[in-house]
Amino acid sequence: MRPRFRSAAHDPVVSSRLGLWLGVAFAVCFVTGLASHAAQFTTLPWPTRPVGLYRVTQGLHVLSGIAAVPLLVAKLWSVYPKLFERPAVRSPAHALERGAILVLLAAVFFELATGVFNIAQSYPWRFYFPAAHYAVAWIVAGALVVHVAAKLPATRAALATRSDPERRAFLRTAGVAAAGALLATAGSTVPWLRRVSPLAWRSASGLPVNRTAAAAGVVVPPDWRLTIAWAGGRRTVSLDELNALPQRTAELPIACVEGWSASASWTGVRISDLLAFAGAPTGLPVRVVSLDNGLYGRSTLPPAYVADPLTLLALRVDGEVLSPDHGYPCRVIAPNRPGVLQTKWVTRLEVRA
Ligand SMILES: Nc1nc2c(c(=O)[nH]1)N[C@H]1C(S)=C(S)[C@@H](COP(=O)(O)O)O[C@H]1N2
Ligand SMILES: [Mo]
């Protein structure tokens, strides 16, 4: 790097512009993260349409986080001389401003690092990822509000200044790095980028497998039957009986919280048809229980999902009987549902009173 190119980066025009880009990336990441939290962990209404909404919001969540990494590196490079300014603290207001930067940096590092580890399905820590990642997002948001408020006048002035070619070159490099990070990974969720995304963490042709039957310790007993239970009744159904019920086909994506997604053609029995067949009550949530006793072996379908004609207990994918890894003998597949709730290896449906 030419020396002028390097020092040109240490400049308010450059750091303001990078701050603006980072602000956009963080805002997208935060809003889509809240949506994902609501869809998975709250009873707030999450719609069943459009069927690919979660695929888009969660793809944006992960991709905006990935784009933020090179932008953050560039921003740190731009401002690091200022981080060691002396005196460290000039006034209470200045202490608050600098404290917010410290908190912001620590929290942003935590979010980006845990997020990247999560999409790599690596959990080198003891805490429960979604809870920690969600809580720290609020710390980022709070510290960012203080930071933006403190810097707003200077940032506006800097953004209004025309930058010179050296500075523009640095910004262009940062922009190209962010765009490169996006292109290299977006194939995990954008089908037409699959071939040009060398770092797409899930882009196998066909439907990726998140957790195999072996990894989940699932063994389907030879006398497997599906149990449907409700207050005051229960009924068991064999696989032959499921196959004899009216079969529906729906083109729906698996959209993993890790950001990858893929669409497939699912065939099976409508959950609403199945409950009617069993004589179970309608309009209630349904708890789905899997042969997998792990963390993702349970989920709940809210009433709107139970009633939706696209919510299936799938027996087939792309015309083939489900493979053991995709959930044989049957799995839930519902429109606009986070992948983690598309429960595989279903053994029991409990209609909740
Ligand atoms: N029982 C059970 N169902 C599960 C899982 C699991 O670990 N156990 N993983 C979930 C997750 S995180 C995703 S993204 C989808 C992936 O489905 P696939 O492996 O068929 O692509 O299955 C979901 N269903
Ligand atoms: Mo997932």
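The values are calculated or read from the model by the stated rules, or taken from the named source; none is laboratory data. What you see is a predicted model, and the numbers here were worked out from it, not measured in a lab. Reconstructed Cβ throughout: ideal geometry from the backbone, glycine too, with neighbour counts over all protein chains shown.
Numerical summary
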quantity	calculated
Number of positions in the range 197-211 that are within 16 Å of ligand 1 (Cβ to nearest atom) and either surrounded by 14 or more Cβ atoms within 10 Å (Cβ to Cβ) or basic (K, R) (or both)	9
Total residues in the range 332-350, condition more than 7 Å from ligand 1 (Cβ to nearest atom) and of a type in the set (K, R)	2
Criterion: surrounded by fewer than 16 Cβ atoms within 10 Å (Cβ to Cβ), more than 28 Å from Y54 (Cα to Cα) and in contact with a Phe, Trp or Tyr (Cβ under 9 Å, 6 or more places away or on another chain) - qualifying residue of T161, T236, T227, T173	T173
Members of the range 295-324 found to be charged (D, E, K, R) and more than 13 Å from ligand 1 (Cβ to nearest atom), listed by number	D308
Some residue of the range 202-219 being within 16 Å of ligand 2 (Cβ to nearest atom), without any contact (Cβ under 8 Å) to a residue 40 or more places away in the chain and closer than 30 Å to Y54 by Cβ	yes
Condition broken by S122, with the remaining ones in (1) away from ligand 2 (no atom under 16 Å from the Cβ); (2) loosely packed, with under 12 Cβ neighbours inside 10 Å; (3) modelled with pLDDT under 95; (4) in the same structural domain as A27 (by TED's automatic domain parsing) satisfied	(1)
Flag if A334 is over 15 Å from L239 (Cβ atoms) and of a type outside the set (K, R)	yes
Which listed residue is in a helix (DSSP H, G or I), of a type outside the set (G, A, S) and within 24 Å of I101 (Cα to Cα), from V176, V140	V140
Pairs where the first residue, in the range 164-186, is hydroxyl-bearing (S, T, Y) and the second is assigned to a helix (DSSP H, G or I) and modelled with pLDDT of 95 or more, C-beta under 6 Å, 6+ apart	T185/I66
Test: A95 is surrounded by fewer than 17 Cβ atoms within 10 Å (Cβ to Cβ) and in the same structural domain as R167 (by TED's automatic domain parsing)	yes
Matching residues in the range 155-167 - criterion: being over 33 Å from the mean Cα position of the chain (by Cα), within 19 Å of A74 (Cα to Cα) and assigned to a helix (DSSP H, G or I)	A158, P165, E166, R167
Per-region count, the range 45-104, residues of a type in the set (K, R), farther than 22 Å from A149 by Cβ and modelled with pLDDT of 95 or more	2
